[in-house]
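> Can you read through this structure? Questions will come right after.
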Protein chains: 4
Amino acid sequence: MSSPIRVTVWGEYRHEKKNPKVAEIYPDGMHNTIAGFLGKQTDFTLRTATLDQPEHGLGGNVLDETDVLVWWGHMAHGEVADEVVARVKTRVLEGMGLIVLHSGHYAKIFKALMGTTCSLKWRESTDKERLWNLMPSHPITQGIGDYFEIPQEEMYGEPFGIPTPDELLFVSWFTGGEVFRSGATWYRGNGRVFYFRPGHETYPTYHQSEVQTVITNAVRWAHTGVRIADVCPNSPPLEPLPEDAEAASRPTEGFK
Amino acid sequence: MSSPIRVTVWGEYRHEKKNPKVAEIYPDGMHNTIAGFLGKQTDFTLRTATLDQPEHGLGGNVLDETDVLVWWGHMAHGEVADEVVARVKTRVLEGMGLIVLHSGHYAKIFKALMGTTCSLKWRESTDKERLWNLMPSHPITQGIGDYFEIPQEEMYGEPFGIPTPDELLFVSWFTGGEVFRSGATWYRGNGRVFYFRPGHETYPTYHQSEVQTVITNAVRWAHTGVRIADVCPNSPPLEPLPEDAEAASRPTEGFK
Amino acid sequence: MSSPIRVTVWGEYRHEKKNPKVAEIYPDGMHNTIAGFLGKQTDFTLRTATLDQPEHGLGGNVLDETDVLVWWGHMAHGEVADEVVARVKTRVLEGMGLIVLHSGHYAKIFKALMGTTCSLKWRESTDKERLWNLMPSHPITQGIGDYFEIPQEEMYGEPFGIPTPDELLFVSWFTGGEVFRSGATWYRGNGRVFYFRPGHETYPTYHQSEVQTVITNAVRWAHTGVRIADVCPNSPPLEPLPEDAEAASRPTEGFK
Amino acid sequence: MSSPIRVTVWGEYRHEKKNPKVAEIYPDGMHNTIAGFLGKQTDFTLRTATLDQPEHGLGGNVLDETDVLVWWGHMAHGEVADEVVARVKTRVLEGMGLIVLHSGHYAKIFKALMGTTCSLKWRESTDKERLWNLMPSHPITQGIGDYFEIPQEEMYGEPFGIPTPDELLFVSWFTGGEVFRSGATWYRGNGRVFYFRPGHETYPTYHQSEVQTVITNAVRWAHTGVRIADVCPNSPPLEPLPEDAEAASRPTEGFK
């Protein structure tokens, strides 16, 4: 396990260019802020990719050379090419880790892996968010105590249209009266998926140390170290089968 | 709960027309055999639909008037229109039950709801299948003892590329040395999904009483009685929020 | 399914006799209030049992004649005889339903079935509780909308020391800033267990209609209709095994 | 993470002293064979403990200084003192890893953590066992391909009386026609539990490389690195609560 974990941070990178408030918080884009704190880990190597690059920055060998992909998108989910989504999905199912942040709940890649609407309640207002830690011994929650707070955040509320998580790590409390499953994991194929709620673009959420700790832990957790291609093999028997002339002679048709 | 459960049995209905062996077993098509035994339940009403009908038999009000959809397909998964798959998926997420049979593991609708490859090992030979009952008190397994056997069936083997089932009901043993998670459930949105492995077209599997019992039980289990449309609502607070002039004045952009 | 569901409501029945405030809310004891609203269902038959009865009211044929047991205890968990707990546990594992209410999280029977501490945070103060409905199509949540509120309740907060629920139905928001998994289900053996948080003795919680709806739904859900005794059988093979003289001659010792 | 993982291997160590066949396979006891192969890992430190030692070898600081405990017992489950079982359980819930092997399914500690019967079918005969790998990217299955075989093993069959595993890693196929969930994980409190089926005392199972690989992987997976004591704290509010003179004046009674 001595080779580094290769992390790619994908950012939509549109709000930062259009909204001066967002640009002030993330002058180089959210993806660079995230890559910046992750890059301090000596066992990670980082690259970034954005929507407006060719193939959204995910062409060539990028996915082949990515162990864990971090995804932030919001206003332009529809512009992500289906072909790229399909390649990312295949790569996850083969063993890549995927960390989906905040409004990425509606990203094509997250919806494709979940199979559900991924809908939720939401409100941009003056809510405080308090994230309660339900699994204090899970690798992703190390360094976080019983809870941590984000002074201002967009509210996301239940019901959240996701499949039953394999592990539910965080549940959020919001000032305005809602709750939300704000940290959850799923195995999908040979890959591991972590959804983490915080990160509205108009707040400095990714500059907060607890948020950085969770995302850093999640990268390490999501790294499986395997790549297993999909096959649906016709398999010879491992034990003797009865002979059956009739069966042997019947036509095989169609395909699996 | 006195109104009947409205069941639609969808059959690809191709093997039956092409392969005399299949036609002999299912002269009116597998869908009619399945609808036949389900129709004996006085609390079910039945209809059928097939691939070669307009909109694959699922146009008009059919999905609106379906509580539980049973699906068998194999050699023509690719011919099912994406638009129809999307409507079925939406209907499941709103609360319809879906029972996916055998080679339907590769149906577009099943893969879309699971988010995974749904791949497996397979072999057409002379295997016997023995299905072990892991949850003897589950509604779907009532009337089945510890296990039941199918004298000849196609082998499906692990690893099966599915997400962790919410409930694992059956695991199969095959003569040739494999095992398979052959009965499993998932909530998807407000709908319930049951995958049931048996039913290769060249064997009289759907004429077997235990198989009929399981599918009948599954229809009743999959009936939620609800229909809840997807929304992603902007929600006003339920508790007082602090005033924050700066927050109130900032531009809202993008969309949820 | 035409025979009625036999429900036994077990109440500790101590607070009501000691604390005038509790007696005012539940003059006949909480168990009778709960049995009262459940008894309005024409498909239920009700009986009650309390701590200070011989064998805590659970001797003779009571457990044999109970399909679903509802449990409320608090200040005298330690007085429940281990022998009675063992019989209740056995009966649950055979197929009885068990609904554990509020401070029953620390009942011996609940801890024995969960295998964990079942600890939590708590506070008696002026909190409001709002229970969010995470599974709007689950049988237990029918008749409940997105959420419901209890004007005053004791606060219970995460982390709650339970195993991963099979199904997480409700998460509570409390005024003071906490969240809690307040409705959850588990299969245990052939029985079904539902934990439901509300019901502090000094508030009229069990007089509230939404609470009554949830408990009523839960009784119906928890009724499995089966009773399967525990065995650990030495099983003859179902398929031919190779002969092996050495194996056949070796001594069998110990026990399973 | 540079400090070693402290592993204690607990062996009942009775069959080895009574049955010459077992003694021939495990001349120093199964616990020493297991400790022997685990001790080759440079990041593990090993000790052993056995039933007939004072406090079954688990007194003093042993549990305090154990990160992962491996457990093999069979013919003398009833001789393990309840007090020791309680201490082991507390330690698991605080964060210790526990690996339960084979007939340990009926160990008091496993039953106490599962809350169920843990019963199963069994047969000592000439079965071959083939363990299928359901999660090829899980840390515990690394180095194992699609499956591995044990030439002769005791048969364990479904239904296995366990709660739904958090993760199901292996399912076994047996010559005689049965299947079994032979590798499964559960979080219990802050600890991680792995049950692994193979290891009947009359076969050289723990000398087999794949079995050693799985147990070695499991030790690393079960190591949480945390220790969190159980508390059930009365918690002050984190947000302002309404004043309510009546509530403030009411008596608090009982205990949590």
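> List the residues of the range A:112-126 that lose 40 Å² or more of accessible area once all protein chains are present, compared with their chain alone (1.4 Å probe, heavy atoms only, no ligands or nucleic acids).
By number: A:GLY115, A:THR116, A:THR117, A:LYS121, A:TRP122, A:ARG123, A:GLU124, A:THR126.
> What does the extension gain come out to for B:ALA229 and B:GLU65, with contour length at 0.36 nm per residue minus their alpha carbon separation?
So the chain would gain 57.5 nm between B:ALA229 and B:GLU65.
> I'd like the Kirkwood hydrodynamic radius of the range B:178-233, using the inverse of the mean 1/r over distinct C-alpha pairs, in Å.
13.5
> Where the label is 7 Å out from Cα toward Cβ, how close does B:SER3 come to the same position in every other copy, in nm, shortest first?
When each copy's label point is compared with this one, the spacings are 3.2, 5.9, 6.4 nm.
> Given a 1.4 Å probe and the protein chains all in place, what does the accessible area of B:ASP146 round to, in Å² to the nearest 10?
That residue has around 70 Å² of solvent-accessible surface.
> What three numbers, in Å, describe the spread of the alpha carbons of the protein assembly as shown along their principal axes, ordered from the longest?
Largest to smallest, the principal-axis extents are 82, 68, 65 Å.
> Here's another thing I want to ask about it. Among A:LYS89/B:LYS89; D:LYS21/D:LYS128; A:LYS121/C:LYS121, which pairs are too far apart, with a Cα-Cα distance over 23 Å?
A:LYS121/C:LYS121
> Right, something else. Measuring with a 1.4 Å probe in the full set of protein chains, what accessible area per residue, in whole Å², belongs to the range C:5-228?
On the way: 6110 Å² over 224 residues.
For the range C:5-228, the solvent-accessible area averages 27 Å² per residue.
> Find which of B:PRO240, B:ALA23, B:CYS118 sits farthest along the positive direction of the dipole of chain B, computed with +1 on the beta-carbon of Lys and Arg, -1 on that of Asp and Glu, about the Cα centre.
B:ALA23
> Carbon and sulfur atoms: what percent of the 1.4 Å accessible area of the range C:5-228 do they account for?
50
> Just report the Cα centroid separation between the range C:172-199 and the range B:123-154, whole Å.
Taking the Cα centre of the range B:123-154 as reference, the centre of the range C:172-199 is 34 Å away.
> Let me ask you something else. May I ask you to give the average projected area over all directions of the convex hull of the Cα atoms of the range B:63-112, in nm² rounded to one decimal? Present the calculation step by step, with values, prior to reporting the outcome.
Values: hull surface 12.5 nm².
Across all orientations, the range B:63-112 yields a mean hull projection of 3.1 nm².
> Continuing with the same structure: With springs only between Cα atoms under 10 Å apart, run a GNM on chain C and tell me which of C:PRO54, C:PRO27, C:PRO240 wobbles the most.
Taking springs between Cα atoms under 10 Å, the residue moving most is C:PRO240.
> Would you mind telling me which residue in A:GLY191, A:GLY143, A:GLY95 has the biggest mean-square fluctuation in a Gaussian network model of chain A, where springs connect alpha carbons within a distance under 10 angstrom?
Of A:GLY191, A:GLY143, A:GLY95, the most mobile in the Gaussian network model is A:GLY143.
> Moving on to the next point. Which three semi-axes in whole Å describe the equivalent ellipsoid of the range D:15-66, each the square root of 5 times a Cα gyration tensor eigenvalue, listed largest first?
22, 17, 4
> Still on this structure: Relative to 2.2 N^0.38 Å, what does the C-alpha radius of gyration of the range A:135-214 come to as a ratio? Two decimals please. Display every interim value, and only then the final one.
On the way: Rg = 12.9 Å, N = 80, 2.2 N^0.38 = 11.6 Å.
Taking N as the residue count of the range A:135-214, the ratio is 1.11.
> May I ask you to report, in nm to one decimal and beginning with the shortest, the distances from A:PRO204 to the same position in the other copies, taking label points 7 Å along Cα-to-Cβ?
With the label placed 7 Å along Cα→Cβ, A:PRO204 yields 5.0, 6.6, 7.6 nm.
> Given a 1.4 Å probe and heavy atoms of the protein chains only, how would you sort D:SER209, C:SER235, largest accessible area at the top?
Details: D:SER209 75, C:SER235 10 Å².
Order by accessible area, largest first: D:SER209, C:SER235.
> Dividing the alpha-carbon radius of gyration of the range D:39-80 by 2.2 N^0.38 Å (N being the number of residues), what value is obtained? Could you put the intermediate results ahead of the total?
Working: Rg = 11.8 Å, N = 42, 2.2 N^0.38 = 9.1 Å.
Here the answer is 1.30, to two decimals.
> Between the range D:45-64 and the range A:68-118, what is the C-alpha centre distance in whole Å?
49
> How much of B:VAL68 can a 1.4 Å solvent probe reach, expressed as accessible area in Å² and rounded to 10?
Per-residue accessible area (B:VAL68): approximately 0 Å².
> Over 31 Å apart: what share of the alpha carbon pairs of the range C:5-228 falls there, rounded to a whole percent? Intermediate values should be presented prior to the final figure.
Values: 2899 of 24976 pairs.
It works out to 12 percent of all Cα pairs.
> Before we go on, tell me the buried accessible area for the D/B pair, both chains summed, 1.4 Å probe, in Å² to the nearest 100.
Its buried surface, counting both partners, is about 1600 Å².
> Closest to the A-onto-B rotation axis, which residue of chain A has its Cβ, and how many Å off the axis is it?
Taking Cβ atoms only, the nearest residue and its distance are A:GLY115, 2.
> Placing the label point 7 Å from Cα along the Cα-to-Cβ direction, what are the distances from C:LYS21 to the equivalent spots in the other copies, shortest first, in nm to one decimal?
So the distances to the same position in the other copies read 4.4, 6.8, 7.7 nm.
> Just reorder D:ILE150, B:ILE228 by solvent-accessible area, largest first, 1.4 Å probe, all chains present.
Result of the area sort, largest leading: B:ILE228, D:ILE150.
> I've got another one for you. Which three numbers, in whole Å and largest first, are the semi-axes of the equivalent ellipsoid of the range B:1-120 derived from its Cα gyration tensor as √(5λ)?
Here the semi-axes work out to 21, 20, 13 Å.
The values are calculated or read from the model by the stated rules, or taken from the named source; none is laboratory data. Since this is a predicted model, take the numbers as computed values, not measurements. Virtual Cβ from ideal backbone geometry, glycine too; neighbours counted across all protein chains shown. Just so you know, the surface numbers come from the protein's heavy atoms only, side chains and all, with ligands and any DNA or RNA stripped out. Shrake-Rupley method; radii C 1.70, N 1.55, O 1.52, S 1.80 Å.
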